Amino acid sequence: MNVPGVQHRPAGIVTRGLAAALDLGVVLVAMGGLYMSWVFVRLLFSPQDFSFPDVQVLMSVSVFTSISVVYLAACWATTGRTIGAIVLGLRVIGRNGRLLGWLRAVLRAAFCVFVPVGLLVAIVQRNRRSLQDIVLRTVVVYDWDPATTGTPDL
């Protein structure tokens, strides 16, 4: 689905927010999968003494943060797309139109996880760039064709 005049234009706040919500769902499902794996391992090694493990806040926050950063960085460094971005036809690229390298992808992922309100800057920016985009010189563009990584029309 290639919409004329939209391909490679900077994505707006609503589309980016929806993609972020889908990605949050992916991370939560991954956390649930890890918890269930932990439950099954405990059950396997001590079936008579089995009880569900207590979920601790600090551990949950640490796991959530770790999974989020790894997931976002890996997606952005390899394809420029997370699952939310695929569904909504978005791609994260550098200002030169190429994919982010691993270092910049990890920095952007950590920045997005620790400063999520930075996305709100895209509301007032003329070119729809978030705080993360401004600092790390990236851009989120509409890109419905999964094979292309062309230069955006900025």
Review point. Does any residue in segment 64-84 that is within 12 Å of R108 (Cα to Cα) come within less than 7 Å, Cβ to Cβ, of a residue that is aromatic (F, W, Y) six or more places away or on a different chain, and which pairs are these?
Key: A77/W102
Revision key, fill the gap. Of the residues in segment 104-119, those that are under 10 Å from the mean Cα position of the chain (by Cα) and β-branched (V, I, T) come to V113
Point to revise | Hits in segment 108-151 (condition: closer than 20 Å to R98 by Cα, at pLDDT 85 or above, hydrophobic (A, V, I, L, M, F, W, C) and not in a helix (DSSP H, G or I)) | key: V139, V140, V141
**Study point:** Subset tally (residues that are assigned to a helix (DSSP H, G or I), surrounded by 21 or more Cβ atoms within 10 Å (Cβ to Cβ) and among the β-branched types (V, I, T)) for segment 87-107
**Key:** 0
Practice item. Please verify whether segment 60-74 includes one or more residues that are small (G, A, S), in contact with a helix residue (DSSP H, G or I) (Cβ under 9 Å, 6 or more places away or on another chain) and farther than 30 Å from N127 by Cβ. Key: yes
Review point. Assuming W76 fulfils every condition listed in (1) assigned to a helix (DSSP H, G or I); (2) surrounded by fewer than 16 Cβ atoms within 10 Å (Cβ to Cβ) apart from one, which condition is it?
Key: (2)
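The values are calculated or read from the model by the stated rules, or taken from the named source; none is laboratory data. Model, not experiment: these values are computed from the prediction. FYI the Cβ positions are ideal-geometry reconstructions off the backbone, even for glycines, and counts take in every protein chain you see.
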